Amino acid sequence: MRVSTAFLAAWLLGLSFYLNAVWASTPSGVAPPPPEADRSMPYYDRHKIDVSNLRDFYEGLLTADVMIHADAMFDAKTKWKMTLYQMILARSNHNQARSAYQLSLMDVPMDEIRSLWLPDYVASIKDARLRTAFEYIQIAATYPIRVTADTHAALRTHFIDRQIAELFELAAVNAAIATYDHILPIPTDQKTVDWATENLGPVGWKVGLNKSSNSKEQRARLFAGDALTTARSEIISTWKPEDLGAVAPVFKTDWVNYITGYGVSRVTFDGDRDGIEEPFDSYPQEYLRWKKPGSNDENNPKPSIPPFKITAYDYQYYRPPVMSKTKYSFSDRHRFDTEWTRESSLGVIKMDEYFSGSDRTLGLAMKWSIFFVQQLASGCVHCQVHGAYGIYDAIKDDYLHNKLPPEELPGVLAKIHALLDFERSDLHTDAEKAIFRLARDAGRIPTRTTAAHIEELRRHFSDREIQEVISLIVTSAWLSTVMQSQVTVTDRLSMSWALRHLAPVGWKPGAHFGLPNEQRPYHMTELRDRGLAKMNSGEVMDSSSEWVGIKVPLAVDKDGDGVDDTFDGFPDDPTRWEDTDRDGIEDKMDDDIDGDGIPNRKEVSLGTFPYKADSDGDGVDDATEIKAGTDPVDPRSL
């Protein structure tokens with residue numbers, strides 16, 4: 001559809017007036033609660049649309065989960081406590097039970113486990129380092145995430161950047177898992193329900209929507225204890241972290257069916273390469289034809305299910321970011337990019353590539369539209385940029401030489417801008433709006449999704465399509481947590497495009513417009529093109545290093561303590577690793593942890609970071625800056 005320039009200008013002006021009026025009258029973060037009938041509506045046949053049926057995607061999620069919860073710079077027990085605390089704030093019943101049960105298997109006393117439900121739990125933590133980490137979890141557990149430069153400074157007072165990256169990755173994987181549970185409450189296995197009812201009942205835990213009377217839906221086992229340990233051993237045994245060209249790790253055990261009991265096929269072969277695995281492809285030899293006519297008929301909601309109450313969910317879900325006043329400036333943000341955690345990234349990249357790499361049941365432009373709507377609601381400005389540009393990029397790729405004809409641009413922009421208020425848009429179908437409502441209401445944690453959202457999707461889409469929508473939203477929750485935690489500086493290509501094409505309708509870049517050294521050098525499409533070019537010349541590209549823009553060390557760990565040798569002050573001793581300045585003195589015994597000549601106590605009083613010799617990452621160490629009279633925590637002060 002072509003749209004004239006005059007029409008587009010008038011439409012944008014009208015939308016701008018509308019959004020400004022709503023933003024002026026609507027308190028930030030306020031949205032009407034779902035109707036009580038929707039909140040109490042039961043879920044049925046969840047196993048048919050559960051993302052664990054998508055083996056490749058789900059194994060990526062399991063890999064990320066297994067690897068981030070293992071011993072590393074933070075020990076496993078501490079990370080499971082953080083996970084439980086995050087799940088309490090996120091109100092994910094299934095994952096509260098799972099995390100608490102895991103801690104009990106690690107011999108944590110029940111009183112200690114229950115204490116995490118106390119309102120003053122974080123304030124009661126005596127260890128300042130640990131309390132600061134939990135304070136971050138407190139911020140990251142609900143959307144939008146209010147991470148500021150002062151949050152980064154507080155973390156850098158107590159941790160090296162690589163530890164902060166691990167903390168961010170933990171929160172992000174947890175956010176993905178919590179979102180998964182909210183969209184389609186996981187029917188927890190009976191053994192865990194019984195254990196949690198007995199042991200967590202005193203703190204108010206209830207199984208809620210995670211209870212199912214359908215034996216086909218009920219999970220077989222919880223992924224905890226020995227299962228976690230064994231799964232990690234299987235990954236480590238098949239992954240060669242010193243070899244960038246190594247085959248991705250695989251599980252020896254069929255953990256998907258161990259957990260679910262669904263009988264998910266182990267065959268993921270896609271003969272016609274249309275993005276649809278053969279167990280789901282009705283036409284496995286025909287490209288771009290996979291669904292039989294009428295296959296949605298059996299998917300329609302039961303006659304007793306009422307129509308979706310659109311008006312009850314119609315609210316303004318996007319607000320431009322407001323910059324917080326902070327004591328510190330943002331600096332050196334790429335130094336705790338989660339790509340540093342190569343172990344967990346193995347699974348996350350597998351999840352991400354599953355939906356973003358190619359058209360599947362949904363086209364790339366539609367998938368980027370879902371992502372954009374979710375991130376408008378989540379508050380992740382960086383994600384909004386990539387979502388909007390992703391739609392544009394996917395559409396232009398369908399044209400000769402990947403160039404969008406100038407006369408088509410207004411129409412494409414009109415569809416993107418309409419996503420800011422899709423309920424009133426004539427440019428999107430009822431089916432698309434059903435997906436957007438799920439994405440929008442899953443864009444906050446705790447989410448506002450209900451069984452009614454799922455039933456509305458069932459009126460338009462097959463089980464396989466719904467699975468893909470959910471998997472996309474789960475992965476997007478991980479991305480949103482990562483990018484809001486890092487306050488990632490967006491690449492120039494995406495940001496310049498957004499400033500030209502989103503700013504006219506009120507969009508703002510917020511804190512994601514940063515210093516050149518913090519900026520990722522490529523947009524993901526540029527990175528993919530670079531990878532193909534290197535592959536064609538016989539090279540193996542280190543995607544992590546190319547993506548972050550600095551050398552990301554390999555995940556080689558000689559002593560097996562979970563800490564990569566590059567960051568391990570004692571690489572041959574599995575009981576110790578913390579020696580930031582490599583002077584042979586453990587950090588807890590060292591009066592000058594970062595070796596910059598400024599004692600730790602003085603660093604704290606000056607506001608510089610004891611674990612970072614160059615606090616602002618501008619290339620000049622703190623001692624030199626103090627002597628010269630420049631600000632050691634402001635990279636713009638040289």
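Data overview
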item: Under 13 Å from K396, Cα to Cα: aspartates and glutamates that are on another chain or at least 8 residues apart; result: E407, E408
item: Accessible surface of the chain [probe 1.4 Å, protein heavy atoms]: carbon and sulfur percent; result: 54 percent
item: Proximal lysines relative to K79, as straight alpha-carbon distance under 18 Å, when same-chain residues fewer than 8 apart are discounted; result: K126
item: FRET efficiency for S40 and V108, using Cβ-Cβ distance with R0 set to 41 Å, rounded to 0.05; result: 0.75
item: Extreme residue, positive dipole direction of the stretch 550-630, given options P571, A628, G560 (C-beta unit charges); result: A628
item: Whole-number percent relative contact order across the stretch 477-615, with pairs defined as alpha carbons under 8 Å at least 6 apart; result: 11 percent
item: Alpha-carbon centroids, the stretch 289-360 and the stretch 420-458: separation in whole Å; result: 12 Å
item: Which of T488, T197, Y611, positive extreme of dipole for the chain (C-beta unit charges); result: T197
item: Computed E for D56/D565 - FRET, C-beta separation, R0 35 angstrom, nearest 0.05; result: 0.70
item: For the stretch 292-393: relative contact order, % (alpha-carbon pairs under 8 angstrom, 6 or more apart); result: 25 percent
item: For the stretch 545-597: accessible area per residue (Å², 1.4 Å); result: 49 Å²
item: Taking the C-alpha atoms of the stretch 112-161, convex hull volume expressed per residue in Å³; result: 93 Å³
item: Accessible surface of R530 - all protein chains present, 1.4 Å probe, nearest 10 Å²; result: 90 Å²
item: Reach of K588 by Cα under 12 Å, taken over aspartates and glutamates that are not fewer than 8 positions away in the same chain; result: E578, D579
item: Scaled radius of gyration (Cα, divided by 2.2 N^0.38 Å) that the stretch 126-259 gives; result: 1.33
item: Helical segments meeting 24 Å axial Cα length and Kyte-Doolittle 1.0 threshold in the chain (DSSP H); result: 5-25
item: Sites matching trypsin sites (Lys or Arg not before Pro) across the stretch 397-448 that sit in DSSP coil, with at most 15 neighbouring C-beta atoms within 10 Å; result: K403
item: Rounded accessible area of V193 (nearest 10 Å², 1.4 Å probe); result: 10 Å²
item: Sequence-separation-based contact order of the chain, relative, with Cα cut under 8 Å and 6+ spacing, percent; result: 20 percent
item: Lys/Arg +1, Asp/Glu -1 at C-beta; the chain dipole; positive extreme among H512, S476, V207; result: V207
item: Accessible-area ranking of V147, V556, largest first, probe 1.4 Å; result: V556, V147
item: Ranking by accessible area, most exposed first, for L499, L62, L515 with a 1.4 Å probe; result: L499, L515, L62
item: Efficiency of FRET from Cβ geometry, D581 and E198, R₀ 41 Å, rounded to 0.05; result: 0.25
item: Stokes-Einstein D for the stretch 299-445, Kirkwood Rh over Cα pairs, 25 °C, 0.890 mPa s (µm²/s); result: 138 µm²/s
item: Heavy-atom accessible area ranking, 1.4 Å probe, most first, across D194, D254, D297, D181; result: D297, D194, D254, D181
item: Probe 1.4 Å, protein heavy atoms only - accessible area per residue of the stretch 301-458 in square angstrom; result: 35 Å²
item: Rounded to the nearest 20 debye, dipole of the stretch 132-274 from Cβ charges on Lys, Arg, Asp, Glu; result: 300 debye
item: Extension gain (nm, one decimal) between L427 and A128, 0.36 nm per residue minus Cα-Cα; result: 102.4 nm
item: The chain: projected area of the alpha-carbon convex hull, averaged over directions, in nm²; result: 29.3 nm²
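The values are calculated or read from the model by the stated rules, or taken from the named source; none is laboratory data. If you're wondering where the values come from, they're calculated on a predicted model, not measured in any experiment. Cβ: placed from backbone, ideal geometry, glycine included. Neighbour counts: every protein chain shown. Heads up: the accessible areas ignore ligands, DNA and RNA and are worked out on the full protein's heavy atoms, side chains in. Shrake-Rupley method; radii C 1.70, N 1.55, O 1.52, S 1.80 Å.
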